[in-house]
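Below you'll find the structure, written out as C-alpha cells, and then a few comments.
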Amino acid sequence: MEHTSYLPLWLLALPLIGFLLNAVLYPLAAGGNQNVPRALAGITASASIGSVFILGLVALGDLIQGDVIVTKAYEWLNVGVFKVSLDLVLDRLSIVMVLIISGVGSLIHVYSMGYMEHEEGVGRFFAYLNLFCFSMLMLVLSDNLLFLFFGWEGVGLCSFLLIGYWYDQEANCAAAQKAFIVNRVGDVCFVMGLFILLWYFSTLSLSGMAGLVAAANPQVLQMACLLLFLGATGKSAQFPLFVWLPDAMAGPTPVSALIHAATMVTAGVYLIVRMGFMFSLSPDILFMIANVGCITVLLGGFIALQQNDIKKVLAYSTISQLGFMFVAVGVGAYKTAIFHLMTHAFFKALLFLGSGSVIHAMDGEQDMRKMGGLRLKLPKTYATMMVGAGALMGLPLLSGFFSKDAILFAAHSLPGGATYLWWGGLFGALLTGIYTTRLMKMTFFGTLRSSVVPHESKAIMTTPLVILAVLSAVAGFFSFPEGLGEILGVPIPAYLEHWLSPLLQAKEIGEFGFLGELGATLVATGVSLLGLTIGLVLFAKSSDFPIGKKLLEGKFYVDELYGALIVRPILRMGGALSALFEFVVQRVAEGLKLLAQSTASELRGIQTGDMQGSIVILVGAVVLFIAIFFIW
C-alpha cells in the first residue's frame, strides 16, 4: 500500500544542505574556503549524511508494515504526452540502498575527518562527498529514468572532482579525466536506451513502464536493455570499460572507499535489478550480462595477483567482485546480487579504509614492497583488515562466504545459469584467496622494509574500521541459505531474501548435480581455503607471482591496446582536423583581406572630390534601389 510522505525528499535534501553549507555559506562567512575550520566542515558533512541514515531507519518501520512511501515533489516537464515529474519512491529495494549508502557513507565521512586533518581547505572535499551521496540517493530513489540519469551523471561528476581533488598533480588530473571520459562512453549508450524507451512507451516512469512491458515488442525491449547494460558496464567497471577504476585510486583513500564500496560502482547493478521486470523479458541480454560478468571476475582477479600498490590490488578486486554481481543478475538471481552488493560494501569499505590507515601510518607510502611487519605496529588496523580479508576470500561464516557462495550456487542451478559460469566463478574465488593472502602477507607479515616509523591511526579512524569489521563478520546472517540451514539444523531465516521477495521476481532453483546445496557450499569453501593455502605457499619467500609476471604487471596491456587503437588515432584525427580547420580559416581570411584591398583600391578612384559627380552617383544609387524595390 502506498502512502505519500515528504520523508524521501528529506533524504535528498539533507546531503544537499551539507553541500551548500560547505561549498557556499561557510566560505563566504569565513572569507574563503581555506579559512573554514576543518572540524566544522567535517562535522557538518558527517551530520548531514548521518541524519539520512537515521531517517532511513525511521522509514524502515513503515516499510516493515508493507507500505511504500512516495513523494510527488513537482512536475518538471509537460509537453504533449511526455511528462516528467520528480517522483521519489522508497520501497523495499531502495531502502536497502539508502541504508547502505548513508550507513557506510557516514563511517567514511567520520574517517575522513581524521584522514584529512592535515589538509588545507577540506571544506571543498566534504562538500564533494555530500554532493556525491546526494547524487547516489537521487539515483536510487527516483521513479523516473530521467531523474535517475541526473543522479547517474551526478556521481560521475563528483567522481571526477574527487579523483582529481589534488589537482596540482598531473597524474591525478589525468586519472580524473580518464574516469570521466570512459564513463561518458557508457553514458552515450544509456541515453540511447532512454530515447528508445521514450519513443516506444511515451514515458520514462519506472512504475508506468512496469505495467506495459508484458505486451511490448520483444525486439524493442532487447535493444533498450542492451543499451542500458552497456551504460551499466561503464559505471560498474565491467569489461571492456573497466580501465578507469584502477586509476581512480589517485584520489584520497576515503574517496576510493566511497566510490568502490557503497556508491558509484554499484549503480549499474542497481539499475539492472531495478529494471528486472524488463531485463527478465530479454533472456539473451541476461545471458550476455552473465558472461561479461564472468570475464570480468577472471580479468580483475588475474591482474590483482601482481599489483604492488595496495590500493590497486583492492581496485582490481572490486572489479572482480562487481563481476560476481553481474553474474548473479545475468542468471536472474537479483536478490543474491543485492546481497553480495551489501556484504561487499561492508568488507570492501573496511579494506579500503584499512589501507588508508596503513598509508597514513607509512607517511603516504602505497607500495607494499616497502611495507611488512605492520601487524605489531598497527594492531587495530591489522585485526580489522583480517576480518575484511577473510570476508573477501569467502572464509566460513564471514559475510562474503554466504553471498559469494549464493552467487556460485545460482550460477549453476538457475535456469539462466550454466556449468561454465560456476567453474569460472570458482576459479575467480581461487584467485581472490591468492591475491588477498599476498596483500595481507606483504603488508602485515615479515619485517618492515622501510625507514618510516609506523604508528596506529587515531580513534576517529579506527572506530569506523571496528564497526565495518563487525558488519563484515555478521552481515552474512541477514540472508543465511534456508536450504543449508535445514540441512545443518540451523533455523535462521533468510531475512534479506524474504524482504526483497515481494518486489523482485524469484526463479526456481534447479538441481545441483550430485552435490546438492551443501556439497556446492563445501566445494566453494574448499576453493577459498585452497586459494589461501596457495597464497601462503607461493608468496612464502617472494612477492612475485611465478607465471606471467610481466603480463600481469602490465594489466594485460589493455590500456596500451586502447591507446593504440582508440586514443592515439582519435588524437591524430583531431590534430589533422584542427590543422585543416586552421588552414581553411587562414586562407579564407587572406582571401577576404585581398578582396577588401582590391575593392578599396577600385572604389578609391571615384573619390575625386568632384561634388557634381558625387551627387550624380548618389542620385543614381537611390533611383536604382527604388527600382529594385518596386520590381521585387
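Taken together, the values in this text are just the output of simple stated rules run on the coordinates, not laboratory data. The structure displayed is predicted, hence computed values, not measured ones. So basically every Cβ, Gly included, is an ideal-geometry build from the backbone, and we count neighbours across all protein chains shown.
Here are some notes:
- Mean Cα-pair separation over length for the chain, i.e. relative contact order, pairs under 8 Å, 6 or more apart, %: 11
- The chain: angle of helix 419-444 to the longest principal axis, Cα-based, in degrees nearest 10: 90
- Global form of the stretch 1-137, assessed from the alpha-carbon gyration tensor, a/c cut-off 1.5: oblate
- Between the alpha-carbon centres of the stretch 364-405 and the stretch 526-554 there is a gap of 16 Å.
- For the stretch 282-548, convex hull volume per residue from C-alpha positions, Å³: 125
- Cα Rg over Rh - the stretch 313-352, Kirkwood: 1.00
- Spread of Cα-to-Cα distances over 20 Å intervals beginning at zero, given as percent, for the chain: 18, 49, 21, 7, 5, 1
- In the stretch 127-248, the alpha-carbon atoms span a convex hull of 90 Å³ per residue.
- Note on His109, His455: ascending count of other Cβ atoms within 10 Å places them as His455, His109, the fewest first.
- Cα gyration tensor shape for the stretch 20-72, rounded if a/c is under 1.5, else prolate or oblate: prolate
- In Å, descending, principal axis extents of the Cα set of the stretch 198-305: 47, 26, 18
- With respect to the chain, whose longest principal axis is taken over its alpha-carbon atoms, helix 459-474 is tilted by about 60°.
- Neighbour-count order for Arg38, Arg572, Arg438, fewest beta carbons within 10 angstrom listed first: Arg572, Arg38, Arg438
- Among the listed pairs Lys441/Lys550; Lys335/Lys555; Lys235/Lys377; Lys311/Lys541; Lys348/Lys458, those whose Cα-Cα separation exceeds 29 Å are Lys335/Lys555; Lys235/Lys377.
- Distance from the Cα centroid of the stretch 83-119 to that of the stretch 561-607 is 51 Å (rounded to whole angstrom).
- Here the stretch 20-57 is scanned for amide nitrogen atoms under 18 Å from the site 7 Å beyond the Cα of Leu7 along Cα-to-Cβ, giving 49-57.
- Rounded tilt (10° steps) of 38-64 against the dominant C-alpha axis of the chain: 70
- With neighbour counts taken as other beta-carbon atoms within 10 Å, the residues Ile407, Ile100 rank, fewest first, as Ile100, Ile407.
- Cα Rg, Dmax, the stretch 563-631, angstrom units: 24.3, 73
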